[in-house]
Amino acid sequence: MAKLYSVALSKLIEDLKLETVYMPQDPQEIMIKTVDINRPGLQLCGFYDYFDGSRIQLFGLGEFAYMEKYTPVYAIRISARNFGMVNGIKAVPLYSVFCI
């Protein structure tokens with residue numbers, strides 16, 4: 001049986017001198033367990049069939065160009081809290097998502 005190997009995301013960031021755009025938690029706690037990556041161009045368009053969330057999501061020039069060209073007027077966050085707005089992001093409670 002093949003030996004499973006993992007590496008902390010912080011090690012990859014440091015070794016490859018990567019720029020962090022968004023980090024959901026401490027990169028020392030995020031373990032990379034696959035060599036596969038995903039360029040999420042289709043996901044930016046709303047297509048999530050066959051999406052593997054365990055892969056590293058790598059944004060290239062194409063993804064950044066798409067985001068600059070098709071920037072939404074506002075963002076919506078699905079939340080356990082009630083309706084509101086924080087930093088220009090509308091919060092919509094989970095119980096009302098079906099209305100969107």
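The values are calculated or read from the model by the stated rules, or taken from the named source; none is laboratory data. Note that the structure is predicted; figures quoted are calculated from it, not measured. Don't worry about glycine lacking a Cβ; one is built from the backbone with ideal geometry, like all the others, and counts go over all protein chains shown.
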Test: residue in segment 24-35 that is out of contact with any Phe, Trp or Tyr (no Cβ under 9 Å at 6 or more places or on another chain), more than 26 Å from Thr71 (Cβ to Cβ) and in a strand (DSSP E or B): yes
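If I filter segment 1-23 down to residues being charged (D, E, K, R) and assigned to a loop (DSSP other than H, G, I, E, B), which single residue comes out as modelled with the lowest pLDDT?
Applying the first criterion (charged (D, E, K, R)) to segment 1-23 yields 3, 11, 14-15, 17, 19.
Pick out the ones that are also assigned to a loop (DSSP other than H, G, I, E, B) and you get 3, 17, 19.
Values: Lys3: 74, Lys17: 91, Glu19: 86.
Once the filter is applied, the top-ranked residue is Lys3.
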Output for segment 20-42, where each listed residue is over 12 Å from Leu58 (Cβ atoms) and among the acidic types (Asp, Glu): Asp26, Glu29
Residue among Tyr74, Tyr70 that alone is loosely packed, with under 10 Cβ neighbours inside 10 Å and at pLDDT below 75: Tyr74
Residues of segment 2-23 satisfying the condition of being under 29 Å from Glu68 (Cβ atoms), surrounded by 11 or more Cβ atoms within 10 Å (Cβ to Cβ) and hydrophobic (A, V, I, L, M, F, W, C): Leu9, Leu12, Ile13, Leu18, Met23
